[in-house]
Amino acid sequence: MKKFIAIAIFMVVGLASAQAQKAAKMEFKSETFDYGEIQKGSDGIGYFEFTNTGDAPLVIKDVKSSCGCTVPKKPDAPILPGETGKIEIKYDTSRVGPIRKTVTVYSNTDEPVKALKVKGTVLAAATETATKDSTR
């Protein structure tokens, strides 16, 4: 009986450590999304594309941005090993000027907190520029 209990404990510990070795891994196509120069009022939608290069399902628990002008949206379903996914970002293009924001991803990967960068410049609409020039 003692031998049976010892073998059962050994098997449970062995299974637990084998499971613990499996991990999801998120590899991004690019860790910076660059809007470049976009017009005021444009849709402001972009994507961070990634692949799960690990050997366990990848679960994105949450995504947060550094301000309310950038709204990220995470995938709802787990990303299986070898599959790709996207994190959508939507920037409020009603403000003219440079874009320098951070999107933080929280997941079950080997790097559970990942900071991604968003950059670009929102340009004034042509009619706004013409109006400013005519008032000078």
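A short reminder: the numbers here are calculations on the coordinates, not readings from a lab. Predicted model, so just to flag it, every value in this text is computed and none were measured. Neighbour counts are summed over all protein chains in view; Cβ atoms, including those assigned to glycine, are modelled from backbone coordinates with ideal geometry.
Quick look at the numbers
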{"read-out": "Residue 117 paired with residue 90, simple spin-label distance in nm, labels 7 Å along Cα-to-beta-carbon", "value": "2.6"}
{"read-out": "Cut-off under 5 Å, modelled amide H: who pairs with residue 56 long-range", "value": "23, 24, 25"}
{"read-out": "Whole-Å distance, taken between Cα centres, linking region 82-101 and region 31-77", "value": "6"}
{"read-out": "Inter-site label distance for residue 23 and residue 73 at 7 Å from Cα along Cβ, in nm", "value": "3.1"}
{"read-out": "Ordering of 69-77, 36-44 by burial proxy (mean other Cβ atoms within 10 Å per residue, highest first)", "value": "69-77, 36-44"}
